[in-house]
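A.B. asks: To start, I am sharing the structure in question, which I have written as C-alpha cells.
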Amino acid sequence: MNKLQVFVRRMGVSLMLVACCGAFGQPQFPAKTVRIVASEAGGGGDVSARLIAQGLASNFGQPVIVDNKPGGVVAGDFVAKAAPDGYTLLHYGNTLWLLPLMRDHVPYDTLKDFAPVAVTIRAVTILVVHPSVPAKSVKELIALAKARPGDLNYGSGAAGAANHLAAELFKSMTGANIVRIPFKGIASAINALLSGEVQVMFPVIASSMPHVKSGRLKALAVTSAQPSELAPGLPTIASAGLPGYDASGTYGIFAPAKMPPALVGRLYQEIAGVFKKPDLKEKFSNAGMDTVGGTPEQLAALMRAEIASMGKVIRDAGIRDQ
C-alpha cells in the first residue's frame with residue numbers, strides 16, 4: 001500500500017469518527033436533555049426562554065426544558081458552576097450583569113464566569129405619562145420637569161429593575177428632578193399611573209400599550225436606541241429630544257466559561273435559526289418582545305457598554321438591590 005492510499009484510508013477513518021462522535025470529540029450534541037435556566041415563572045424572561053426552548057427542541061430532536069430560579073444571583077451562580085458542555089445554559093437580561101453593581105458579594109463575575117452565546121430578545125419599554133400631564137413630547141416633558149422640580153413622580157417596581165433604571169437614566173441625562181415612588185410590583189405601579197397617583201413611568205409595552213390604545217395613558221417614546229415594530233409611529237427618546245439615550249431591556253443566552261468555541265458557534269446558529277421561524281416570531285411579538293439574534297461578540301460588547309453607562313447611573317443614584 002503506497003503513502004497516498006494510507007493517507008486516504010486514515011482520512012476516511014477520521015471522517016467516520018467525526019460523524020459518529022460529533023465535531024467536539026464527544027457524542028453528537030445534543031445527546032440528551034438541554035436545560036435553560038431562567039428567572040421566575042411568568043415573567044418576560046421565562047416566557048421568552050420557553051419560546052426559545054420550543055424552537056431548539058424542534059431543531060435538536062432532544063427535549064429542551066426551562067428551569068426557573070428565583071433571582072439573578074441564584075440563576076447565575078448555578079450556571080457559572082455547571083459543566084461547559086452545552087447542556088446547561090442561562091437566559092437572562094440586564095439584571096445579570098448589573099447586579100454586581102448594586103449588591104455586595106455576588107458569587108460570580110459576569111465577564112469571566114460566562115461565555116456569551118447570543119443576544120436573544122429586547123423587551124420593549126416605553127415612556128408613558130398620565131393624560132393630565134401637559135406634555136405631548138419628550139422635549140415638552142423635559143421642559144415641564146425642569147420648570148416644576150420635584151412636582152412630577154414616576155412609578156417603578158423593584159430597585160434596579162429595567163423600569164427603575166430607565167427612569168434614573170432619563171433623570172441623569174436631563175437633570176430633571178422627578179421623584180421615584182416604589183411599588184412591590186409592576187402591576188401596582190401601573191394602577192397608580194392610571195389613577196394619577198404617579199404621572200410618569202417606563203413600563204414594558206405589553207403591560208402599557210392596551211391602556212395607551214384606550215386613551216387612559218399617553219405614550220411619548222420608546223426607550224430603545226431603535227424604533228420598534230411593536231410601537232409603530234412612536235419615536236425613540238434619543239430622536240425625540242435626548243440624543244444618546246438607550247435603556248433597552250435586553251436578554252441573552254449564556255453558557256459556563258470555557259465552553260469550546262465551536263460549541264458556542266453551533267448554539268448561536270441554532271438560536272439565530274429559532275428567530276427566523278414565522279410562528280415563533282409572531283409569538284414573541286404578541287408577548288411584547290422584539291427578536292434580536294445577535295452574535296456572541298455583540299452580547300459581550302453590550303454587557304461591557306451597559307456596565308459602563310448604567311454603572312455611573314447606579315452609583316450616582318445610590319441604587320442598591322437588597
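A.B. asks: Considering only DSSP beta bridges with both partners in segment 126-222, what is the antiparallel share in %, to the nearest 5?
C.D. replies: On the way: 6 of 12 bridges.
Counting only bridges with both partners in segment 126-222, antiparallel ones make up about 50 percent.
A.B. asks: Another question, if that's okay. Taking 0.36 nm per intervening residue step and subtracting the Cα-Cα distance, what contour gain separates Arg315 from Ala143 on full extension?
C.D. replies: 59.4 nm
A.B. asks: Taking the Cα centre of segment 126-222 as the origin and placing charges on Cβ (Lys, Arg +1; Asp, Glu -1), which of Ala192, Tyr154, Val222 is farthest toward the positive end of the dipole?
C.D. replies: Value computed over the given set: Val222.
A.B. asks: In a Debye calculation with equal point scatterers on the alpha-carbon sites of segment 126-222 and no solvent, what is log10 I(q)/I(0) at q = 0.14, 0.24 Å⁻¹?
C.D. replies: -0.42, -1.38
A.B. asks: What is the extension gain from Asp104 to Ala31, computed as 0.36 nm multiplied by their sequence separation minus the C-alpha to C-alpha distance, in nm to one decimal? Walk me through the numbers before you get to the answer.
C.D. replies: Numbers: separation 73, 0.36 × 73 = 26.28 nm, distance 3.88 nm.
Between Asp104 and Ala31, full extension yields 22.4 nm more.
A.B. asks: Let me ask something else. Would you mind pulling out the separation of the Cα centroids of segment 187-247 and segment 263-287, in Å?
C.D. replies: Using only Cα atoms, the two centres lie 26 Å from each other.
A.B. asks: Let me ask you something else. Go ahead and estimate [θ] at 222 nm for the chain from helices alone: -39,500 (n - 2.57) per DSSP H run with n ≥ 4, summed, over the residue count, rounded to 500.
C.D. replies: -14000 deg cm²/dmol
A.B. asks: If R0 is 51 Å, what FRET efficiency do you get for Ser132 and Gln62 from their C-beta distance, rounded to 0.05? List each step's numbers first, then the result.
C.D. replies: Working: r = 54 Å, r/R0 = 1.06.
That pair, Ser132 with Gln62, gives E of 0.40.
A.B. asks: Can you give the angle from 0 to 90° between the axis of helix 261-274 and the longest principal axis of the chain, with both taken from C-alpha atoms, to the nearest 10?
C.D. replies: It is inclined by approximately 60 degrees.
A.B. asks: Please work out the FRET efficiency for the pair Asn286 and Arg216, using the Cβ-Cβ distance as r and a Förster radius of 35 Å; give the result to the nearest 0.05. Let's see the in-between values first.
C.D. replies: Working: r = 21 Å, r/R0 = 0.61.
After rounding to 0.05, the efficiency reads 0.95.
A.B. asks: What nm value, rounded to one decimal, do you get for the distance between Lys184 and Glu229 when each label is placed 7 Å out toward the C-beta?
C.D. replies: 3.9 nm
A.B. asks: A further question on this structure: Roughly what would the spin-label model give for Asn177 and Gln269, points 7 Å off Cα along C-beta, in nm?
C.D. replies: Result for the modelled spin labels: 5.8 nm.
A.B. asks: Got a sec? How would Lys139, Lys218 order by Cβ neighbour count within 10 Å, fewest to most? Don't jump to the answer; show the numbers that get you there.
C.D. replies: Values: Lys139 13, Lys218 17.
Arranged by neighbour count, lowest to highest, Lys139, Lys218 become Lys139, Lys218.
A.B. asks: Does anyone have the angle between helix 186-195 and the longest principal axis of the chain? Alpha-carbon axes, 0 to 90°, nearest 10?
C.D. replies: The two axes meet at around 30 degrees.
Any read-out appearing in this document is the output of simple, stated calculations on the displayed coordinates, not a laboratory observation. Quick caveat: nothing in here was measured; it's all calculated off a predicted structure. Heads up, the Cβs are rebuilt from the backbone with ideal geometry, glycines too, and the neighbour counts pull from every protein chain shown.
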